[in-house]
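The values are calculated or read from the model by the stated rules, or taken from the named source; none is laboratory data. Quick caveat: nothing in here was measured; it's all calculated off a predicted structure. All Cβ positions, even for glycine, are placed from backbone atoms using ideal geometry, and neighbour counts span all protein chains on display.
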């Protein structure tokens, strides 16, 4: 067997190539564009499957240095925070609360499904709980945090099961979000308030051409993001260390970014260039998702697939029915609701970047949705934690 070990630069090069390759395929293969599958999902997932085949037949073993992946994620979430204005939140109003309640109910249901399923497949309910909202709405971050907690309580392989479940959820969230929204939009003949559309694979190039920036302004925006990111990460570490409360670093990043944005709105410390920030947000999102999907280790996860696939399958069926038949109607049964459903399927099974990628694929084809881009990132990346953490802790204590 040939062993290939990619360093950090080679891994970054590979990520960029796979993103471009995914964009090329979604542009050339009509069904991929028609179903609104994000390019990072296409490129990253195809590569991870190739790696699995090569390793299964003992041809090539590939290892990658994905050190940059959490930085891309934190960079993305920090810019999400910079886009949150308290004055804009008032515009979210009732819709924001409804979406938050729907996602909270979804998380509760995911935990119930996992616990009930454990009785049918005869596994530890606490281990099955790792296939609930911990890995579905919580993703890999929650899987690591709560998996470590369960392993300290004697639940073996909790982290591995959580990672496998989160990985499958990430894949399914990226695959079904766009098609479900497409079906709703075309079935009910929904139209965007902003009818301008742009080719899915030209988002970055279109954004570049409209930036109208200078080197000074560019570095100012980078510095603002990096400062917010660093202070937010430090804040999360302090809370974890001194108060023993597990808070993902992205929550600290968003919190500091939101504070800076709203303070800056009042005192005008610096100029925030939102077209440029939007370009950087999309860039970091694309790189994070590509790296996350291309580094999936299907080979090591294969031994855990049995019970995990069963529970995740139930989760996928439930969220589709929930989003399609209930959430869509509660959110208004309009174009914004359809786009938000694609986001819910993304972060309800995977992660917030998945949600943004799904919505980006849908809106690039059918038109923009201000409400969806205001509500979904705020709830998925910030407000949902207010309910999900106590909910998970309740189930852990109830089952212990």
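Listed here are the residues, each with its yes/no results for (1) assigned to a helix (DSSP H, G or I); (2) at pLDDT below 90; (3) under 30 Å from residue 82 (Cβ atoms).
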| position | (1), (2), (3) |
| --- | --- |
| 271 | no, yes, yes |
| 276 | yes, no, yes |
| 291 | yes, yes, yes |
| 299 | yes, yes, no |
| 304 | yes, yes, no |
| 310 | yes, no, no |
| 316 | yes, no, no |
| 319 | yes, no, yes |
| 322 | yes, no, no |
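When you check residue 15 against the structure, is it touching a residue at least 24 places away in the same chain (Cβ under 8 Å), more than 20 Å from residue 344 (Cα to Cα), crowded, with 23+ Cβ neighbours inside 10 Å and in contact with a helix residue (DSSP H, G or I) (Cβ under 8 Å, 6 or more places away or on another chain), yes or no? Step through it out loud before you land on a result.
On the way: touching a residue at least 24 places away in the same chain (Cβ under 8 Å): yes; more than 20 Å from residue 344 (Cα to Cα): yes; crowded, with 23+ Cβ neighbours inside 10 Å: yes; in contact with a helix residue (DSSP H, G or I) (Cβ under 8 Å, 6 or more places away or on another chain): yes.
It is true that residue 15 is touching a residue at least 24 places away in the same chain (Cβ under 8 Å), more than 20 Å from residue 344 (Cα to Cα), crowded, with 23+ Cβ neighbours inside 10 Å and in contact with a helix residue (DSSP H, G or I) (Cβ under 8 Å, 6 or more places away or on another chain).
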Breaking point among (1) surrounded by 24 or more Cβ atoms within 10 Å (Cβ to Cβ); (2) free of Cβ contacts under 8 Å to residues at least 60 places away in the same chain, for residue 112: (1)
Test: residue 61 is at negative phi and assigned to a helix (DSSP H, G or I): no
Tally of residues being farther than 27 Å from residue 312 by Cβ and in contact with a helix residue (DSSP H, G or I) (Cβ under 7 Å, 6 or more places away or on another chain) across the stretch 92-125: 3
Filter result for residue 364 (farther than 30 Å from residue 252 by Cα, in a helix (DSSP H, G or I) and at pLDDT below 90): yes
Verdict on residue 162 being part of a helix (DSSP H, G or I), closer than 23 Å to residue 288 by Cα, in contact (Cβ under 8 Å) with a residue 24 or more places away in the chain and within 14 Å of the chain's Cα centre (by Cα): no
Out of 32, 4, 25, 54, sole residue that is outside any helix (DSSP H, G or I), more than 30 Å from residue 249 (Cα to Cα) and without any contact (Cβ under 8 Å) to a residue 60 or more places away in the chain: 4
Residue match in the stretch 206-220 (condition: buried (at least 16 other Cβ atoms within 10 Å of the Cβ), in contact with a helix residue (DSSP H, G or I) (Cβ under 8 Å, 6 or more places away or on another chain) and at pLDDT 90 or above): no
